[in-house]
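A quick write-up on the structure given underneath.
The values are calculated or read from the model by the stated rules, or taken from the named source; none is laboratory data. Computed from a prediction, not measured in an experiment: that's the story for all the values here. Don't worry about glycine lacking a Cβ; one is built from the backbone with ideal geometry, like all the others, and counts go over all protein chains shown. Ligands, DNA and RNA are excluded from the accessible area calculation, which covers all protein heavy atoms including side chains. Shrake-Rupley method; radii C 1.70, N 1.55, O 1.52, S 1.80 Å.
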Amino acid sequence: MARIAGVNIPNQKRVPIGLTYIYGIGRTKAHEICGRLGIPVQRRVHELTDDEVLRVRELIDREYMVEGDLRRTVAMNIKRLMDLGCYRGLRHRKGLPVRGQRTHTNARTRKGPARPIAGKKK
């Protein structure tokens, strides 16, 4: 099992799909990495040589912000918005949708499960 950026990459997956297990690398970046290193997209992770795994690891460390650093940056950006007291920060603070979605109905993912209101039955 290859370990890249502190994440165990599944052996039986194709390389671009396996790289998406790393936080901050999606399908597009994974294909870009394979193209830059000359790794065929059909190759499986267990077929990679130690040298190829090392090259992938070094490229990701050098070029991309992933895992802990990226999570920390995102969290700091959200905290900055909340400290500023801007509209988006207030929405984050209240646990409501930030990007303009309706909340009269829906928005259950952000608001949590519906709570019954006492005396509402009619």
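Which residue, of Glu58, Glu32, is within 18 Å of Arg3 (Cβ to Cβ) and either in a loop (DSSP other than H, G, I, E, B) or of a type in the set (Asp, Glu) (or both)?
Glu58
Give just the number: which of (1) part of a loop (DSSP other than H, G, I, E, B); (2) exposed (fewer than 13 other Cβ atoms within 10 Å of the Cβ); (3) of a type in the set (Gly, Ala, Ser) does Gly24 not satisfy?
(2)
Scan the range 50-94 residue by residue and report those that are closer than 22 Å to Lys111 by Cα and among the small types (Gly, Ala, Ser).
Selection gives Ala75, Gly85, Gly89.
Being of a type outside the set (A, V, I, L, M) and within 19 Å of the chain's Cα centre (by Cα), is that true of even one residue in the range 35-56?
no
Go through the range 61-73 and report how many residues are in a helix (DSSP H, G or I) and either more than 29 Å from Val15 (Cα to Cα) or open to solvent by 60 Å² or more (accessible area, probe 1.4 Å) (or both).
So the count comes out to 6.
Being touching a helix residue (DSSP H, G or I) at 6+ places or on another chain (Cβ under 6 Å) and assigned to a helix (DSSP H, G or I), is that true of even one residue in the range 37-52?
Among the residues of the range 37-52, at least one is touching a helix residue (DSSP H, G or I) at 6+ places or on another chain (Cβ under 6 Å) and assigned to a helix (DSSP H, G or I), which makes the answer yes.
Filter the range 36-57 down to residues that are surrounded by 12 or more Cβ atoms within 10 Å (Cβ to Cβ) and without any contact (Cβ under 8 Å) to a residue 24 or more places away in the chain and give me whichever is farthest from Arg71 (Cα to Cα).
Glu47
Please enumerate the residues belonging to the range 74-97 that are among the small types (Gly, Ala, Ser), closer than 23 Å to Pro113 by Cα and surrounded by fewer than 13 Cβ atoms within 10 Å (Cβ to Cβ).
Result: Gly95, single match.
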